[in-house]
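Coordinate-derived values only; no laboratory data. Owing to the predicted nature of the structure, the values given are computational and were not obtained by experimental measurement. Please note: Cβ atoms are built from the backbone with ideal geometry, for glycine as well, and neighbour counts cover all protein chains shown.
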Amino acid sequence: MALTPKETVAYLDEYIIGQKDAKKAIAVALRNRHRRMQLDEAMQEEIMPKNIIMIGTTGVGKTEIARRLAKMMNLPFVKVEASKYTEVGFVGRDVESMVRDLVLASINLVKAEQQEKNKMLIDEYIEKKIIEKLLPPLPNGASEQKQADYEKSYARMREKLRNGEVDHLVIEIEIAQGFGELGGDMPPEMIKVQESFIKILGNKAESVKKEVSVEDARKALRGEASEKLLDMEAVKSEALKRAENSGIIFIDEIDKIAVSAKSQSRQDPSKEGVQRDLLPIVEGSDVSTKWGVVKTNHILFIAAGAFAMAKPSDLIPELQGRFPLRVELSSLDEETLYLIMTQPKNSLLKQYEALLSTEGVTLVFEDDAIRAIAKISQLANDKTEDIGARRLHTVIERVLEEISFCADEHEGETIMIDKALVHEKLDEVVGDEDLSRYIL
Ligand SMILES: Nc1ncnc2c1ncn2[C@@H]1O[C@H](COP(=O)(O)OP(=O)(O)OP(=O)(O)O)[C@@H](O)[C@H]1O
Ligand SMILES: [Mg+2]
């Protein structure tokens with residue numbers, strides 16, 4: 001996976017309207033990491049990622065950009081909310097857990113790749129296990145004739161299995177009850193405890209017998225097959241390497257841990273504490289995980305926040321310094337809102353059309369109507385709070401309320417959403433500021 005910045009932006013353009021600067025900055029940061037990997041090791045060590053802060057009011061696409069990136073890229077990626085580390089009861093909760101989450105994501109990624117590569121082997125293993133349960137066993141020292149018969153029925157059963165003819169049959173399988181993949185989110189002390197348990201008891205403390213359908217057995221045996229057939233040590237070390245060199249940690253709501261100079265009356269020590277805990281991780285340090293030590297020096301951090309109350313300058317200076325790139329996302333105007341409804345592959349209107357199509361109702365939005373929705377959303381954003389594209393949800397929901405409710409009466413019909421309907425549903429609400437505060 002090595003998209004050029006242009007390709008990355010083009011991909012993001014399919015889902016997110018505008019916000020060119022943010023898209024470009026992120027695309028370049030990603031490409032730089034790819035460039036770095038081509039260099040010799042001495043040079044690689046020198047080049048640090050340029051961490052990014054995305055600044056923009058609520059609902060303008062910050063999280064959406066991150067979400068899309070994560071989907072597209074085959075890179076280890078985690079998204080955390082900065083505020084969760086300050087939650088009551090979580091004070092002192094270690095911020096390093098985000099790195100462990102990243103490694104876990106990386107392991108799952110590499111494992112999935114390996115499973116895909118070894119698909120044939122794994123499928124064969126699973127098939128064999130299931131067929132052996134379905135056929136009466138071949139006794140030891142069976143005659144050649146018996147063996148030949150067995151092979152024939154084996155082949156026949158495999159055929160049936162592949163055609164899904166025996167999916168409903170129930171078989172008894174043994175499922176190893178390992179400690180599994182716990183621990184992604186546990187503090188290191190707990191992981192140590194867990195590991196020593198594993199040492200004493202063995203990872204496969206016991207296996208339980210379970211009656212399941214053939215269909216479920218396929219899924220249940222997949223984990224076992226991977227454990228047996230994949231080189232898990234290699235998966236682990238590859239995963240660690242990838243987390244270190246191409247991992248991305250997206251820290252959302254970073255403004256929630258900034259301490260605004262204005263609100264000095266109620267300084268929140270836990271917020272600043274979280275910022276201090278973040279420093280070494282962003283700067284580069286060793287974090288121990290149950291899979292090994294991870295160096296965080298080359299992990300890319302992308303932070304995002306609305307910064308409505310606090311400013312980036314309200315973050316402690318050291319942390320500001322570790323996020324040298326700032327990109328601002330613009331608030332959405334009427335035209336952009338219109339495009340958001342119509343352009344993206346998965347646009348809101350397409351979602352509603354798809355939802356209602358399951359009831360046999362064909363929704364058609366007239367262009368006039370879409371323009372009117374954009375205009376009203378814009379108006380509501382101006383008059384009350386600017387909640388960006390999220391406003392579209394509330395407005396469209398209001399327009400379609402009735403239709404959604406009675407869809408079953410309209411099976412087979414085509415329903416036109418026209419300008420008149422939009423105004424009928426919304427004019428009264430928009431005209432009354434108090435009402436729009438509650439409804440839109
Ligand atoms: N520029 C845009 N193009 C397409 N869709 C957008 C855009 N901006 C926002 N949206 C849509 O609006 C919704 C909210 O966007 P998103 O979650 O990215 O907000 P945000 O900027 O992270 O806000 P917050 O600060 O509240 O977290 C999403 O469903 C997203 O698809
Ligand atoms: Mg967000």
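Miscellaneous remarks
- 3J(HN,Hα) along region 362-369: 9, 8, 10, 8, 6, 4, 3, 5 Hz, from the Karplus curve 6.51 cos²θ - 1.76 cosθ + 1.60 with θ = phi - 60°, whole Hz, x for Gly and Pro.
- Here Met37, Met98, Met73 are placed in order of increasing Cβ neighbour count within 10 Å, fewest first, which gives Met37, Met73, Met98.
- Förster radius 22 Å - calculated FRET efficiency between Asp123 and Lys210, Cβ distance, rounded to 0.05: 0.60
- For Glu81, residues with placed amide H under 5 Å, excluding near neighbours: Asp252
- Note on region 334-434: Cα-only Rg and Dmax are 13.4, 39 Å.
- Taking one quarter of the surface of the C-alpha convex hull of the chain gives a mean projected area of 29.4 nm².
- Interchain or long-range residues, amide H under 5 Å from Leu363's placed H: Ile415
- Rounded Å value of the spacing that divides the Cα centres of region 339-374 and region 387-422: 9
- FRET E, pair Cys406, Ala308, Förster distance 35 Å, beta-carbon r, rounded to 0.05: 0.35
- Surrounding net charge for Ser213, when Lys and Arg each add one and Asp and Glu each subtract one, Cβ distance under 12 Å: -1
- Simple point charges give the picture: +1 on the Cβ of Lys and Arg, -1 on the Cβ of Asp and Glu, and for region 334-434 a dipole about the Cα centre of about 540 debye.
- Across Lys20/Lys50; Lys62/Lys345; Lys84/Lys345, pairs whose alpha-carbon gap is larger than 20 Å: Lys84/Lys345
- Near-label residues of region 328-353 by backbone N, under 18 Å of a point 7 Å along Cα→Cβ of Lys20: 328-337, 339-340
- Here Lys241 and Leu169 are evaluated by their C-beta separation; at R0 = 45 Å the FRET efficiency comes out at 0.55.
- Charge dipole of the chain (Cα centre as origin; +1 on each Lys and Arg Cβ, -1 on each Asp and Glu Cβ, all else neutral): 1780 debye, rounded to the nearest 20.
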